[in-house]
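Read the structure below first, then the notes.
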Amino acid sequence: MSRSERVYRALLLAYPREFRRDCGDEMVQAFGDLCREEKRRGGASGLASVWVRTLADLAATAFVERSRAMRDRWLFMLVPLALLFGLAIAYVDSSPGWDDTGVSAAAVLGASGLFGVLYPARPWLWALAVGVWIPAYEIIREFNYASLLALVFSFAGAYAGAVVRKRLVPAR
Amino acid sequence: MERKSKAGQVEEPRDLLPLRPAVFHILLALADEERHGYGIMREVEGRTGGQTRLGPGTLYGSIKRMLADGLIEESDERPDPAMDDQRRRYYRITEFGRRVAGAEAERLSGLVETARARKVLRGRGSSVPEGV
């Protein structure tokens, strides 16, 4: 392995681990081939030109791959949070002294909407994570199928949040 | 053959349009034969007269997503095992990838026709409007 390849392999640390695992060896191999070819054609200046292009490519694509990996981790963190929100709302809603259904509905709508804004790619996931608890509790305890209406609010909130986010930050 | 997305919906070629330029170039590079990563880089550079040079990050980032989208697949065959490094992975275009490439070509062709109709582009192969 040439010195250029060794340096490039070290620079691959800029990419997320999973990306390096899937593509790292091939990237180093392709880079090595490129270096040999350009050096044969243009000598040291050919090699320098490969390095300049490759560093620019590395900076841009490492940022993209890191952002994608971050987005996946973001989803991983948000799911338990959404479940907790839904559970907390259901807990308050089922308290003996609580009879303000309007506030519960608004909380389900607002919480689902918030998660829809934070991660607009899967609104159905937020709708279920937040909205499923009230009907689950009510149906199991009191056979209250009308509580399924909570899902209407959660779906409306999550999809509205996703639409708002997509309007504010259009996809590429 | 129909292709389904992760959500189980049937995916149409137009769902993936417009393609990023790197993805379209890779599909074109694989349209006539299987190639490994470096082979794709050289083909794209040669075909575009050096105007487009895919870096390793762009190439393999695109390949990873194209594999996930079912546009290309890894090939087990080696054109000539004696002549080649066995560690290299070869890629080939899938039937779905070919349809997506065709749809993208039609989309771009439509754009070129519009440019020609509006006199932004005159004649074939010229990017310079007349009188400039």
Self-check item: Sum of -39500 (n - 2.57) over DSSP H runs of 4+, divided by residues of chain A (222 nm, nearest 500)
Solution: -29500 deg cm²/dmol
Practice problem: Consider just the alpha-carbon atoms of the protein assembly as shown and return their Rg together with their Dmax, both in angstrom. | Solution: 25.8, 83
Quiz item: Could you give me the ³J(HN,Hα) list for the range A:118-131, computed from phi with Karplus coefficients 6.51, -1.76, 1.60 and θ = phi - 60°, whole Hz, x at Gly and Pro?
Solution: 5, 9, x, 5, 9, x, 4, 5, 5, 4, 6, 4, 8, x
Quiz item: What residues qualify as long-range amide H neighbours of residue B:35, i.e. H under 5 Å apart, gap of 5 or more or another chain, H built at 1.01 Å from N?
Solution: B:91
Quiz item: Over all residues in A:24-31, what is the mean tally of Cβ atoms on other chains that come within 10 Å of each residue's Cβ?
Solution: 6
Quiz item: For the protein assembly as shown: lysine pairs with Cα atoms under 30 Å, gap of 8 or more or different chains, count?
Solution: 6
Quiz item: Seen from all sides and averaged, what is the projected area of the convex hull of the Cα atoms in the range B:11-117, in nm²?
Solution: 7.5
Quiz item: Over the range A:72-168, what is the relative contact order in whole percent, taking alpha-carbon pairs under 8 Å and six or more residues apart?
Solution: 34
Quiz item: Rg and Dmax of chain A, using alpha carbons, in Å: what are they?
Solution: 25.4, 82
Quiz item: Mind checking which of A:154, A:67, A:49 has the largest fluctuation in a GNM of chain A, springs on alpha carbons under 10 Å?
Solution: A:49
Practice problem: Name the longest site-free stretch of chain A, where the excluded sites are chymotrypsin sites (Phe, Trp or Tyr not before Pro) in a DSSP loop with no more than 15 other beta-carbon atoms within 10 Å. | Solution: A:1-97
Practice problem: Could you work out the relative contact order of chain A, using alpha carbon pairs under 8 angstrom and six or more residues apart, expressed as a whole percent? | Solution: 19
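Taken together, the values in this text are just the output of simple stated rules run on the coordinates, not laboratory data. Remember, it's a predicted structure, so these values are computed and weren't measured experimentally. Note that each Cβ is placed from the backbone with ideal geometry, even for glycine, and that neighbours are counted across all protein chains shown.
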